[in-house]
1. Looking only at the stretch A:172-187, decide whether some residue is in contact with a helix residue (DSSP H, G or I) (Cβ under 7 Å, 6 or more places away or on another chain) and free of Cβ contacts under 8 Å to residues at least 24 places away in the same chain.
2. Please verify whether the stretch A:186-196 includes one or more residues that are touching a Lys or Arg at 6+ places or on another chain (Cβ under 9 Å), farther than 18 Å from A:MET124 by Cβ, surrounded by fewer than 18 Cβ atoms within 10 Å (Cβ to Cβ) and within 14 Å of chain B (Cβ to nearest Cβ).
3. Taking B:ALA50 as the residue in question, decide whether it is in contact with a helix residue (DSSP H, G or I) (Cβ under 7 Å, 6 or more places away or on another chain) and of a type in the set (Gly, Ala, Ser).
4. Please go through the stretch B:80-99 and pick out each residue that is over 15 Å from B:VAL27 (Cα atoms) and part of a helix (DSSP H, G or I).
5. Mind listing whichever residues of the stretch A:122-149 are within 12 Å of another protein chain (Cβ to nearest Cβ) and among the β-branched types (Val, Ile, Thr)?
6. Report those strands (runs of 3 or more DSSP E) wholly inside the stretch A:214-306 carrying at least 2 residues which are in the same structural domain as A:PHE26 (by TED's automatic domain parsing) and more than 20 Å from A:SER357 (Cβ to Cβ).
7. Note down all Cβ pairs under 6 Å where the first residue falls in the stretch A:265-276 and is in contact (Cβ under 8 Å) with a residue 24 or more places away in the chain, the second is among the aromatic types (Phe, Trp, Tyr) and in a strand (DSSP E or B), and they're at least six residues apart or on different chains.
8. Taking A:VAL34 as meeting all but one of (1) under 24 Å from A:ASN184 (Cα atoms); (2) β-branched (Val, Ile, Thr); (3) within 13 Å of chain B (Cβ to nearest Cβ), write down the number of the exception.
Amino acid sequence: MIEYKNVTKIFRTPGRTITAAQEISFTIETGNLVVFLGPSGCGKTTLLRMTNRLESLTSGTICVKGKNIMELEPVKLRQQMGYVIQQVGLFPNKTVAQNIAIVPRLLGWNKKHIEHRTEELLEMIRLDPGLFRDRYPAELSGGQQQRVGVARALASHPDILLMDEPFGSLDPISRAQIQDEFLNLQSQLGKTIAFVSHDILEAIKMADKIAVFDEGRLIQYDSPELILTRPAGSFVTGFIGEDRALNVLALMRADQAMRKAPENVVAGNTPASETLAFMEQRGFGFIFVLDDGRPAAFATPAMLKNAKSAVIDAAEDLPFVVKATDSLKHVLSSMLTHDMDTFCVVDNNGKFAGAISYREIHERFLNSYKESRDDEKRVPPVRPH
Amino acid sequence: MELLDFLQNNTLRTLLLALEHAWLVGVSVLIATMIGVPVGILITRNESVAKNVINAANVIMTLPSIALFGLMLPVLAEVGHGLGKVPAVIALVLYSQLPIIRNTHAAVKNVPSSLVEAGRGMGLSNWNLLREVQIPLAVPVILAGLRNATVMSIGIGAIAAYIGAGGLGVYIQQGIARSYTPMILAGALSVSLLAILADLGMSLVEHLITPKGMRLKEAH
């Protein structure tokens, strides 16, 4: 949907020549969220701004939906794309509703249609229309302002969104929240998005694909998994950071690594003596106890030795379980926090789905490096100690 | 008190002169605004042009008013308007250019660049951006420039009496000629009062016209 072909941008000022973009070629597929990632000055923002002709190209072409952007008047081109910037830029002299409605109004939509669309958008960004429609930007928090900024960009149903560090000015908690909400929105809307960021974690979380830039050159263009497991050279390796192992784990889910039908599981109403015999026979050091299919407790042979009744009465409560959809990074972190090396995994209904321990996490991690074709590009996996 | 007697005996004339004075200033500021505000907006496109225009307006304003009136005399006498309201209005319009152009230019330039960036990026044309965002946000400062020009013109207008333009300056002029102090005082005080009232009145207009969203910002 957005094709960059040999895009080059050179800024010439008296005394200095800056090459902001060098022969950049890649394609953003329809419906994908692509993060332009790189340090300050790498050219990612310049590339974004060339896409809607806020910046001119020195050479090369950019095609949007098959058409060269130079064939359209800049104003018309920009009206087809939503634009969200870090400072938001809500117009302070207009209400929230008026801000959101500005492009539809300029496009000549009728009043009823605009009102309906404004209400729809406010609900999409989870701001009560009754409360927020007539408020002014000065009365909103940073997070609310940025959400209105996103709504404003979506107002005229553009297929494409250009976003320049849109959540950068928010505190970490608000930022995480709005990222989640935006991902949710994107899963419903399926827009084609170019998203500039300098934050590797944000890129991993948000992107379908990441384009890594350094000093005007495109270094690597791959999915987050591939960027993390097969970084193309020392720049990308350095940029993604020392804790890339943890970041890879952040991309995997508990239900992808867990043991689905472990045998050291027993129903809570089983007699303790029977459980003990079972454990001694199979050599289990501990066993999970379920109550109506839900993990409730765990038991060791010592606890069951003199127990008389059902196993659940003698067992100790489980302090923590993980969800099937939790990331492996979260599972590993929880293991450290709760000082446990094995957890029960539950599904959406809280029912037992499997068990996961450090070993499964480690195996899954190593597997992600398995099919490496090019040994030079491969980052050595973490060695067990 | 002689002053009060004077005012009591000449109420109608005082009011008429005041009206004449207000008319003089009103027409001048109106014309000055119709020239100055568009110019102020246009020069935001080009910084070097802006600098030159503002400098020129500054030079005009540094001319002592009585000298400017004096300069107008022979020039306008050619078209039969060397004396009277025409040269006065022309001079007042020229004087008002600096506060109006300078304020308009500064006000539009000071609209935060993030708003301009967001506006252009979403597909607002230059005209749309001006109309929807930049001008509404610039209005308070532009009005402050008009207020400045008005108060200044009321003062300079008092001198216009010397070239036959009328207004409250007549009391000052005739009072000095006749050494009639109550008349001088009446002129001086009424001009001052007119200036203060104009200033207050325009402050009120400024407050009422400021977009609500901006008033909230000031309150924060």
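The values are calculated or read from the model by the stated rules, or taken from the named source; none is laboratory data. In this text the structure is predicted, and so the values were computed from the model without any measurement. Every residue, glycine among them, receives a Cβ derived from its backbone with ideal geometry; neighbour counts consider all protein chains shown.
1. Yes, there is a match, as at least one residue in the stretch A:172-187 is in contact with a helix residue (DSSP H, G or I) (Cβ under 7 Å, 6 or more places away or on another chain) and free of Cβ contacts under 8 Å to residues at least 24 places away in the same chain.
2. no
3. It is true that B:ALA50 is in contact with a helix residue (DSSP H, G or I) (Cβ under 7 Å, 6 or more places away or on another chain) and of a type in the set (Gly, Ala, Ser).
4. Passing the criteria: B:LEU98, B:PRO99.
5. Listed by number, the list holds a single entry, A:VAL148.
6. On the way: elements: A:217-222, A:265-267, A:287-291, A:294-299.
The qualifying strands (runs of 3 or more DSSP E) are A:217-222.
7. Correct list of pairs: A:VAL265/A:PHE288.
8. Failing condition for A:VAL34: (3).
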